[in-house]
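The values are calculated or read from the model by the stated rules, or taken from the named source; none is laboratory data. On a predicted model such as this, the values are computed, not experimentally measured, just so you know. Counting neighbours? That spans all protein chains shown, and the Cβs are built from the backbone with ideal geometry, glycine included. What goes into the accessible areas is simple: the full protein's heavy atoms, side chains included, and nothing from ligands, DNA or RNA. Shrake-Rupley method; radii C 1.70, N 1.55, O 1.52, S 1.80 Å.
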Amino acid sequence: MTTTYDPRTTRHAAAPAARRSPAAWVLLLSWAGAAAVLALWWQDTGSVVGTADWLLGAGRIAGLLCGYSCALLIGLMARVPVLEQGVGSDRVARWHASLGRYTVCLLLAHVTLILWGYAVQAHNGVVGETTTVVLTYPDMLKGTIGGALLIAVGVVSARAVRRKVSYETWYYLHLLTYLAVFLAFWHQLALGADFSSHPLARAFWYALYAAAAAAVLWYRVAAPLRLNLRHRLRVAQVVRETPEVVSVIVTGRDLGRLAARPGQFMRWRFLAPGLWWTSSPYSLSTAPRADLLRITVKVVGDHSQELARLRPGTRIWAEGPYGALTADRRSRPKVLLLAGGVGVTPLRALFEALPARPGDLTLIYRARTAQELALRGELEAIARNRGARLHYLLNDADGRSPRLTAGFLREAVPDLAGHDVYLCGPPGMARASYEALRAAGVPARHIHHESFEL
């Protein structure tokens, strides 16, 4: 069926210029919260006199901001739909990674400044004062363990270390963040001078952490449990698309209520030997139906190789849908879909489902060889049925890879600057394509992409 684009009934008019994006609102509220935390310190602090007071004051500020950052970290781990779908999962992941680094730095500053200040105040050595504080102050041992765990998670999440550990190891160690924050929370309330004599400040801190915990419990526990009990997802069939690409067809009950959309992804855990402990994000490679979902995966590692051997009837535990690479980002009638490798999967779903007039929709698919063009027959059928344009960009006969340049893009799509562009592919290809699109005159706000390289 060919879907036509009707500007009278389709929400693709240009967005109002004065309207703030969801990302802008989240950042604004986050900075407002940080300002409120600093105001709490300011209101509770009298005159600052001498080295010890300066050190302790700076340590308190670092500690308050660290505690506030911990609550935000937990909130960003909760996979809240307004963030995952409004802001974009890739940006939320980058925020979480950046905030984690700032949190660890604030923690180290807090510990160093407070212990140094106590040592100056007591005319004692830093090592001796550290022993006294850790072993005798209320809830300090909990805070020490929580801080050590948070630093350990930060070390494992550092880019250089992250590349050397498996995803599963990183994932399960990352969950220690919850325990670290839980232990540190009680330390904050027991020893935080800004909370001990201010019931309103304590109530605010309880509410902040309760909201973060509630988001995690609802969106990471209750919502997935409800989804999987309701839909009972199972593997229906595994199809070999190319020598290196397979599709997994999924069935279940009442999938229309899942509210998944073309361009989105879900996190999939296949309840089969060797796959139980791994939850991986895979995009939907066809427009969701009330009786069927499909993902298409490149077979490159142990996990994806096991997917190729899945048997029909295998149970699935899924979470989602997530992602903001949907039709909602579109603001122009003409659209270019720019895919690289297996990144074609979410764009294939959009190629099928985006409302467009004949000639207004173009897909450029970059692959090394014709044999690696996954879903080629489907793409060509969609192009014929919809009057859309389809271009393949393959390596030369000698194996050299053609460059995605601004000149090539303008030649393939003459009025490119007037298009919305959806981009999905390997990190290197995505970066080169983004730069070429900008050089070709496409405004950044009209280039829509999601990347999970942290």
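Overview of values
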quantity: Against the rule of thumb 2.2 N^0.38 Å, how large the Cα Rg of the range 89-146 comes out; calculated: 1.49
quantity: Per residue, in Å², the accessible surface of the range 222-373 once ligands and nucleic acids are set aside, probe 1.4 Å; calculated: 39
quantity: The chain: relative contact order as a whole-number percent, Cα under 8 Å and 6+ apart; calculated: 15
quantity: From the C-alpha gyration tensor of the range 300-454, square roots of 5λ in Å; calculated: 26, 19, 17
quantity: Between the range 219-250 and the range 336-413, the alpha-carbon center distance in angstrom; calculated: 26
quantity: Between the range 84-127 and the range 278-333, the Cα center-to-center distance that results, in Å; calculated: 36
quantity: Calculated P(r) tail over 27 Å for the chain, as whole % of Cα pairs; calculated: 61
quantity: 10 Å binning of all Cα-Cα separations within the range 48-132, expressed as whole percents from 0 upward; calculated: 18, 34, 22, 15, 9, 1
quantity: Most to least packed among 104-117, 150-163 [average Cβ atoms within 10 Å]; calculated: 104-117, 150-163
quantity: Chymotrypsin sites (Phe, Trp or Tyr not before Pro) restricted to the range 194-283 and DSSP loop, no more than 10 other C-beta within 10 Å; calculated: Trp277
quantity: Accessible area per residue in Å² at 1.4 Å probe, computed on the range 92-166; calculated: 58
quantity: Rg and Dmax [Cα atoms of the range 86-196; Å; Rg one decimal, Dmax integer]; calculated: 16.3, 53
quantity: Anchor Lys298: lysines whose Cα lies under 23 Å away (excluding residues fewer than 8 positions away in-chain); calculated: Lys164
quantity: Positive-end extreme of charge dipole, the range 400-454 - chosen from His446, Ala430, Thr405 (charges on Cβ); calculated: Thr405
quantity: 23 Å tail of the calculated P(r), the range 367-454, as % of Cα pairs; calculated: 29
quantity: Computed magnitude of the charge dipole of the chain (debye, nearest 20; Cβ of K, R +1, Cβ of D, E -1); calculated: 1300
quantity: Overall Cα dimensions of the range 123-259 - principal axes, largest extent first, Å; calculated: 73, 39, 18
quantity: On Cα atoms only, tilt of 427-439 relative to the major axis of the chain in degrees; calculated: 80
quantity: Helix-derived mean residue ellipticity, 222 nm - over the chain, DSSP H n ≥ 4, -39500 (n - 2.57), to 500; calculated: -15500 deg cm²/dmol
quantity: Accessible surface of the chain, 1.4 Å probe, proportion on carbon and sulfur as whole %; calculated: 62
